[in-house]
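Report on one structure; see the data block that follows.
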Amino acid sequence: MNFEIKIDKKQVIDFLHIMSGHLGIKLQLPDIFSSTDDDALRIAQMWKMSADELLQLLSPYAVMNFNDATIVYELSLPTNWDVRQADNLSEYCNAYVRYELFALWLDYIKPDYASLQRTLGGAVASAIRRVLTLRCPPAR
């Protein structure tokens, strides 16, 4: 069973900007912060790191093709893998990259806030592992 999971860089980074801006609004005035275009180089490095983390979760089933705008994970799963879970796996992978990137950003900006994001990312990682192990019952 072969298929691809695509993760769009712009959507993930837009999520980072929205979440960091939202967090900045919730903090006291001296603590307000937000990601900006000035942080693009640092965020690009974090983007690559979060993509690599997802690759570790998907291994040994996946290889990653990385370019400036998109990450494509080419998966080769067992033939009895439950293909009905393909959309769920894709959504979980996109969520994991978003959470991991935001956690890396928080490690840089406000490390004491990163643990919640790591918890959310850990829950999604567990869901990814579970979906990867789902198999269809044998046909008679």
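Data for the structure
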| item | result |
| --- | --- |
| For Ser90, solvent-accessible area (1.4 Å; no DNA, RNA or ligand), Å² | 30 Å² |
| Estimated 222 nm signal from helices in the chain, with DSSP H stretches of n ≥ 4 weighted -39500 (n - 2.57), rounded to 500 | -20000 deg cm²/dmol |
| Residue-level accessible surface for Val72, protein heavy atoms, 1.4 Å, Å² | 20 Å² |
| Probe 1.4 Å - accessible area at Leu132, Å² to nearest ten | 10 Å² |
| Probe 1.4 Å, protein heavy atoms only - accessible area per residue of the chain in square angstrom | 58 Å² |
| Debye log10 I(q)/I(0) for the chain, one point scatterer per Cα, at q = 0.09, 0.17, 0.20 Å⁻¹ | -0.30, -0.90, -1.15 |
| Computed log₁₀ I(q)/I(0) - Debye formula, equal Cα scatterers, no solvent, segment 43-102, q 0.18, 0.26, 0.27, 0.28 Å⁻¹ | -0.64, -1.20, -1.27, -1.33 |
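The values are calculated or read from the model by the stated rules, or taken from the named source; none is laboratory data. Owing to the predicted nature of the structure, the values given are computational and were not obtained by experimental measurement. Quick note on the areas: whole protein, heavy atoms, side chains included, nothing else; ligands and nucleic acids left out. Shrake-Rupley method; radii C 1.70, N 1.55, O 1.52, S 1.80 Å.
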